[in-house]
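Heads up, the thing below is written out as structure tokens.
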Amino acid sequence: MKTFMSLLKTNLNVYFGISALKYRFTKEKKRLWEPILVLFAVVIGGGSLLVLYSFLLLGVFMGGQGIGHPEIVLTFAFMATQLLILIFGIFYIMSVFYFSNDMNILIPLPLRPAEVLGVKFIIILIGEYLIALPMLLPAFIIYGLGTWSNIFYWLKGLILVLMAPILPLVIAAIFVILLMRFINIRKSKDLMVVLGSLLGLFLGIGVNFLTQSIPQGNEKEFITSLIESNTGLIEAIGNKFPPSIWATLGLTSPGWQGLGYFLLFIGLSLLLLAVLLWLGNAFFYKGYLSGQEVQRKAKAISAGDMEKRALKTASPVVALFKREWKLFIRTPIYFMNGIAGMIMVPFLMLMPLATQTEKMSEVVSLAKDPKYAPIAALVSLGIMLFASSMNLISSTSISREGRTFWISKLIPVSPKDQVLAKLIHSSCLSLIALILIALPLYFLLDMLLYRLIIIIFIGLLANILINILGLIIDLLRPKLEWNDPQEAIKQNLNAFLAMLAVMFIMFILGGIAVLLALKGISELWIYGILALIIVLLSVPSIYGLFALAHRKYNSLEI
Amino acid sequence: MIEIKSLSKSYNKGRVKAVDDLNLHVKPGEIFGFLGPNGAGKTTTIKMMVGLLTPDNGSISIAGIDMMKNPLEAKRNIGYVPDNPDVYDRLTGMEYLNFMADVYKVPAKERKERISYLLEMFNLTDAVGDLIKSYSHGMKQKIVLTGALLHNPAVWILDEPMVGLDPKSSHLLKEFMRKHCDQGNTVFFSTHVLEVAEKLCDRIGIINKGKLIAIGTLDELRHGEQADSLENIFLELTEI
Ligand SMILES: Nc1ncnc2c1ncn2[C@@H]1O[C@H](COP(=O)(O)OP(=O)(O)OP(=O)(O)O)[C@@H](O)[C@H]1O
Ligand SMILES: [Mg+2]
């Protein structure tokens, strides 16, 4: 037990970066505003989401009360939470159990696999509470207050809320451990990253779709009908997988029956946990060790082939560009996050149109009207630019180099050329994204070809400016210390800061465009003025970028 | 070829003085061994020499070119291998070598010759088409070494180059270093293996707690006490 506790302590420390935080706060004393800003953003963003969610739950509760089943709100919350944890748990567990770097250190230690597994499980569990508590507590409180529940409800409920993530997480873990034992999925870590990102993408689109389909003005009736049509579904899930409603029954059934369900739920969670630990002892290390290779080519390249390759020379900037390109394309997490965000945005924006077909055709026919075509093109440009503001390719460009940044410092290529290569790389990807977004609009709105070309051109100009700003932000405070590529892009505040900066600029550009359009200035003049403004902003920015690169490539230490 | 004047560097806003007023001169044709206990400041000095760290104070010149004033030109004369190389995992060995050759502007013909020569020497020819991700520690080190020497730099700066190499590769590297210096070039390397330093180096510098405490040929270090081995000298000097 003592070794287990010390292992847990060390792991908590490493995983949540406690010592590193302490060091930063007490020794280095730098960038204290950063965590404060993050906290601020989380509180605002999370808080407003929580309020929205609570209102939804309140609706569900009142709707349920109407049909005599107020406990539906609990079932809803428990099921949604458990389902979410189950799905994301699979990916989370895979990455923490099998893809994390510390396994090389842990395996040689004189510990039972179950202990290592237990520690990792607890760490994931703590992470999951960040999702589970905000999802469960509102429902729990709403039902408790709404039905004047007694003290036993509150006591049992607190325990159940704390226990709720365990069951789905254990099931996910058992699934993953068995999967890893029998299929060698570790080889295709990259594939898992892609699958995980796609899942997140679809979930995002799905949630958006749902909220879009709530008719405005009569939300309440909608919720009632939703509940009525879905009680069948909930019951069906409950029948197929009874534990999912045991929590609700344990909370709402009277007397001994309630206590029975309560104990049943907890008992099952603990039992499955024991099964997991047992399975872990038997299979965990074996599964880990069986899949540690990187694919190697079967045959070496021939001498002639090598000669051909060696003879292909390129200028330093082109060589740097090729490096950026290859590393970006070959790291799925970069690729998915870099491109997906940009392509997803127009989807989300067009969604409301797609779900309300009448309005859609109305808007489209208006846009096709030659009188409004210039406005439609401007709006399309706006959509394209908004989408490209989701771009985090440039704003993580230095960070992505991580520990290999020493190579960039070492090579005899001026910082100016190095950031130029990065700018070309990110702008190429921007151009691809712009075209991908513009083409559907082009066909949907029957846009004239010259308009398409103009808006892509202006979009590209604006994207170059955006990418310059992204590079400046990343240069100012790059995150070079990371072990997994994921940290460079997902846990990087720069991407967020760059988005803010870009939105600000887009806001100004958009405002100017609207103002000019309202004044009745002709279309081509508006484009001309926009292009001029962008260029006027870009020129000093790019010189600023070069000067900053010169300073930072010298002073950054890794 | 290497000229270091009153070089200083501290970490954590001056609390850790890693290199303290270091003066050093390495002549053409010389293999220079840089010794010192763990944490003495070897890696810090080397990183400043190749431009990875900015000195707090002092100057460095490589092949007559000032590292601060004309860094790009100075860097072209350096071949550097770090003690623990992190390279681009997702490039193949060949792609990495071509990248290095491109940024150092190595002409096609010379590039081809040197790549095949070095790969042959380090026995890497078969692996060069694979992603670097799949390389062993030693293979990674050898591909970095190959990449660092492609442009035939006059000054080699190597941080513990023998660590992790198999006996044959390490032997070949030592021979290669000798050959390089016999052509009038310079090798500067840090090591903990005193036998290597004893046999290979023309001159030796010993650093302790950031200060250079001894420098000279083996004989000079012995102060005429013929019997003393480098090990004894090292232990005596660094024992404070
Ligand atoms: N990034 C850093 N931040 C803070 N202190 C550092 C850093 N790198 C090195 N130091 C400190 O600088 C001093 C010199 O370290 P350096 O790495 O140069 O030693 P070294 O001679 O190369 O040692 P070794 O033989 O172990 O490689 C040590 O006291 C070390 O703690
Ligand atoms: Mg060192």
Are there any residues in region B:89-103 with a reduction of at least 40 Å² in accessible surface when going from the isolated chain to the assembly of protein chains? Probe 1.4 Å, please list them by number. B:Arg90, B:Leu91, B:Met94, B:Glu95, B:Phe99, B:Asp102, B:Val103
Could you run the Debye sum over the Cα atoms of region A:44-196, one equal point scatterer each and no solvent, and tell me log10 of I(q)/I(0) at q = 0.10 Å⁻¹, two decimals? -0.47
How large is the convex hull of the Cα atoms of region A:444-558 per residue, expressed in Å³ as a whole number? 128 Å³
For A:Phe55, what accessible surface area do you get with a 1.4 Å probe? Give it in Å², rounded to 10. 140 Å²
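Given R₀ = 41 Å, what would the calculated FRET efficiency be for B:Asp126 paired with A:Ser100, taking r from the Cβ atoms and rounding to 0.05? Working shown, then result.
Details: r = 31 Å, r/R0 = 0.76.
Working from the Cβ atoms, E equals 0.85.
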By how many degrees, 0 to 90 and rounded to 10, does the Cα axis of helix B:93-103 deviate from the longest principal axis of chain B? 70 degrees
Do you know which residues of region B:42-75 lose at least 10 square angstrom of accessible area in the protein assembly compared with their chain on its own, with a 1.4 angstrom probe? B:Lys47, B:Val50, B:Gly51, B:Leu52, B:Leu53, B:Thr54, B:Pro71, B:Leu72, B:Lys75
Chain pair B, A: total accessible area buried, heavy atoms, 1.4 Å probe, Å²: 4200 Å²
Förster-model FRET efficiency, 60 Å R0, A:Glu557 and A:Gln65, C-beta, rounded to 0.05: 0.45
Report, in debye and to the nearest 20, how large the dipole of region A:401-475 comes out about its Cα centre when Lys and Arg carry +1 and Asp and Glu carry -1 on their Cβ. 180 debye
Considering only the protein assembly as shown, percent of DSSP beta bridges that pair antiparallel, nearest 5: 55 percent
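Sort B:Thr238, B:Thr45, B:Thr54 from largest to smallest accessible area, using a 1.4 Å probe on the heavy atoms of the protein chains.
Values: B:Thr238 25, B:Thr45 0, B:Thr54 60 Å².
Descending order: B:Thr54, B:Thr238, B:Thr45.
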Two pseudo-spin positions, 7 Å from Cα along C-beta at A:Trp325 and at B:His171, lie apart in nanometres by 4.4 nm
Please report, in whole Å, how far the alpha carbons of region B:62-116 spread along each principal axis, starting with the longest. 34, 30, 14
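Over region B:145-226, average the accessible area per residue using a 1.4 Å probe and give it in Å², no decimals.
Details: 3430 Å² over 82 residues.
Averaged over the residues of region B:145-226, the accessible area is 42 Å².
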Under a point spin-label approximation (7 Å from Cα along Cα-to-Cβ), what is the A:Ile508-B:Leu237 distance to one decimal in nm? 6.0 nm
What is the distance, in nm, between label points placed 7 Å from the Cα along the Cα-to-Cβ direction at A:Glu481 and at A:Ser365? 6.3 nm
Using the alpha-carbon atoms, what tilt in degrees (0 to 90, nearest 10) does helix B:108-122 show relative to the longest principal axis of chain B? 70 degrees
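Wrap a convex hull around the Cα atoms of chain B, take a quarter of its surface area, and give that in square nanometres. Provide the component values of the computation, followed by the final result.
Details: hull surface 53.5 nm².
Mean projected area for chain B: 13.4 nm², to one decimal.
Quick one: work out Rg over Rh on the C-alpha atoms of the protein assembly as shown, Rh as Kirkwood radius. Before the final figure, lay out the partial values.
Details: Rg = 31.7 Å, Rh = 30.8 Å.
Taking Rg over the Kirkwood Rh, I get 1.03.
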May I have the convex hull volume per residue, in Å³, for the Cα set of region A:316-555? 120 Å³
Just to verify a number: FRET efficiency for A:Ile521 and B:Leu72, C-beta to C-beta distance, R0 = 51 Å, to 0.05? 0.60
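Looking at region A:58-166, which chymotrypsin sites (Phe, Trp or Tyr not before Pro) are in a loop (DSSP not H, G, I, E or B) and have at most 14 other Cβ atoms within 10 Å?
Working: sites: A:Phe61, A:Phe76, A:Phe78, A:Phe88, A:Phe91, A:Tyr92, A:Phe97, A:Tyr98, A:Phe99, A:Phe121, A:Tyr129, A:Phe140, A:Tyr143, A:Trp148, A:Phe152, A:Tyr153, A:Trp154; in loops: A:Phe99, A:Trp148.
Passing sites in region A:58-166 are A:Trp148.
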The percentage of the accessible area of the protein assembly as shown (probe 1.4 Å, all protein chains present) made up of carbon and sulfur atoms, to the nearest whole number, is 67 percent
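The values are calculated or read from the model by the stated rules, or taken from the named source; none is laboratory data. These numbers come from a predicted model, not from an experiment. Note that we place each Cβ from the backbone using ideal geometry, even for glycine, and neighbour counts take in every protein chain shown. Each accessible area value is taken on the protein alone, full model and side chains, heavy atoms only, with ligands, DNA and RNA left out. Shrake-Rupley method; radii C 1.70, N 1.55, O 1.52, S 1.80 Å.
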